[in-house]
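The values are calculated or read from the model by the stated rules, or taken from the named source; none is laboratory data. The shown structure was predicted, so the numbers you read here are calculated from the model rather than taken from an experiment. Cβ sites come from the backbone with ideal geometry, for glycine too, and all protein chains shown count toward neighbours. Protein only, heavy atoms only, side chains kept; ligands, DNA and RNA dropped before computing areas. Shrake-Rupley method; radii C 1.70, N 1.55, O 1.52, S 1.80 Å.
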Amino acid sequence: MDDPAIAGWRRDLDPGREGGRSQGGRGRSRPDRGGGSGRGRGGGAGGARDAEAAEKRAPAGAAVTAGAAAGIADGYSSEGAALELGTVVLDGRVDPSARVRIPLATINRHGLVAGATGTGKTKTLQGIAEQLSAAGVPVVMADVKGDLSGLSQPGETGDKITARASETGDDEWRPAGSPVEFLSLGTEGLGIPVRATITAFGPILLAKILGLNETQESTLGLIFHWADTRGLALLDLKDLRSVIAHLTSDEGKADLKGIGGVSPATAGVILRALVNLEADGGDTFFGEPELETEDLLRVIDGKGVITLFELGAQAARPALFSTFLMWVLADLFQTLPEQGDLDKPKLVFIFDEAHLLFADASKAFLQQVEQTVKLIRSKGVGVFFCTQLPTDVPNAVLSQLGARIQHALRAFTPDDQKALTKTVRTYPKTENYDLENALTSLGIGEAIVTVLSERGAPTPLAWTRIRPPRSLMDTIGNDAITAAAASSSLSAKYGQTIDRESAYEKLTAKVAGAPTTDQDLDLPPLPDLPPPPPPQPEGPNMAEQILGNSAVKSFLRSAASAAGREISRSIFGTGKRRRR
């Protein structure tokens, strides 16, 4: 069954609706251009003359409107490759030649897609993703509602689709799918299971998922620090629970004081939050094998791979979804080299339901998001946030977004009206539209658009009719998603859970003072040792004598220190990886 947005798209694809829609409903309140201002004069016996004059003025008014639409479209002209969003609507008329586009070279200046539920945001994102893929740019998307799987299949033809494509400047519209990978957070979803280790995720992002306050977040950071300094790998939830249990036990009291006098009560709160996360399915997500972010940068036959992440067992904690994507972005920031200005981005991230990322976030978290968005551009990565209200995105982040695609807003309550007024103030002024009225009058599949031109200047505001995607505007079904995931080359890499020795096993064995030797760490090789002599009935054996040697002890301490230093932290407190 179609969702309201898809059904609305199909209703709006009916070309017969165009003549019946008045510009008054579209928010334009200023006088008509040209001869339109004389409408209605004369009256009485002069009515026939007025009607005749109005007929003569109509073509002139249409010409003026076409000229104004072309003027708006001039601001969107691009010498290089560009994404085609749609065409300009002005005075109730859509001009197929007045195209609205985003230059590929400015995609890494980031963007925002906003609008009320059912206004066509998802289909706009679908069109953007498939065009990026066709241009050879990989895309990472959060498929929160499960309706983006149609990207993998060609769309359905029909008269309404053809008419919509024609009026939005896509005369060569034809069905086409894109290469898509289906991934799920944890092991209980339809797609290929992906995981992250607790150590790599870091304390700031984990605190966001657990819903901790700033004091508890600080305490969690100290606990991570204690584990790091002892080389204890925190791979899954049981590892972190075992560390907290140790620090709150009688045996660990000295360690607890040694990291700043952490309150046992606060540690207990964190422990209970971890238990709740595990009950919600978090134990299937945290662990190994950990997602390697280079698998998100693949191009197949010249097309960028679109990676769709679905919630899986994490539906009870949607904040984990967006926070996980931010972890992936932070990891890319660490591993990708500086790129400078590119003709097209290396990767584009699309955060659907972005309000979940920022809701109840700590100050430290918001600062790190702002820093990541600001700096990831130089790595050739573009980020698009999708949410209902622009006010869902903090001002410090919103100011970093070059493209704005605003679908219709609703103003049913005083709070809605307040948000609408704030939104209007964030846009450049325009003489072409009464913006406040327009934002509440946009049809499904229409948006107010402004982007950065190739020169880096904001383009004029354009009421835009969005062109239809070429891929299927519906889900392909659970069976098809499962089959596609099973046949993927990534399935063998991530399909089976690995549970190697880590903090839980170390603490259980009561050897927590020894650093974990991670299989991914580059440790210096041990020196070549002579073969041991035959065993003696009494006295220390050769191994004990070697280990008792002061030089060997010094060497082993150095190796242990090197291992401990490998667990260092970067943006968001995430564990660093080597640049690949």
* To do: Quick one: which residue in L222, L205 is part of a helix (DSSP H, G or I), out of contact with any strand residue (DSSP E or B) (no Cβ under 7 Å at 6 or more places or on another chain) and crowded, with 21+ Cβ neighbours inside 10 Å?
  => L205
* Taking E505 as meeting all but one of (1) open to solvent by less than 10 Å² (accessible area, probe 1.4 Å); (2) out of contact with any strand residue (DSSP E or B) (no Cβ under 7 Å at 6 or more places or on another chain); (3) more than 23 Å from A98 (Cβ to Cβ), write down the number of the exception. => (1)
* L185 is checked against (1) within 18 Å of Q131 (Cβ to Cβ); (2) open to solvent by less than 10 Å² (accessible area, probe 1.4 Å) and fails just one. What number does that condition carry? -> (1)
* Structure fact -> Within segment 264-294, the residues that are polar (S, T, N, Q) and either buried (at least 17 other Cβ atoms within 10 Å of the Cβ) or in contact with a helix residue (DSSP H, G or I) (Cβ under 7 Å, 6 or more places away or on another chain) (or both) are T266, T284, T293
* Do we have T464 as surrounded by 14 or more Cβ atoms within 10 Å (Cβ to Cβ), at pLDDT 95 or above and touching an Asp or Glu at 6+ places or on another chain (Cβ under 8 Å) here? -> yes
* To do: Output the helices (runs of 4 or more DSSP H) that fall wholly within segment 440-508 and possess 3 or more residues being touching a helix residue (DSSP H, G or I) at 6+ places or on another chain (Cβ under 8 Å) and under 30 Å from L232 (Cα atoms), or say none.
  => 503-508
* Structure fact -> Among (1) at pLDDT below 95; (2) crowded, with 24+ Cβ neighbours inside 10 Å, V139 falls short only on (1)
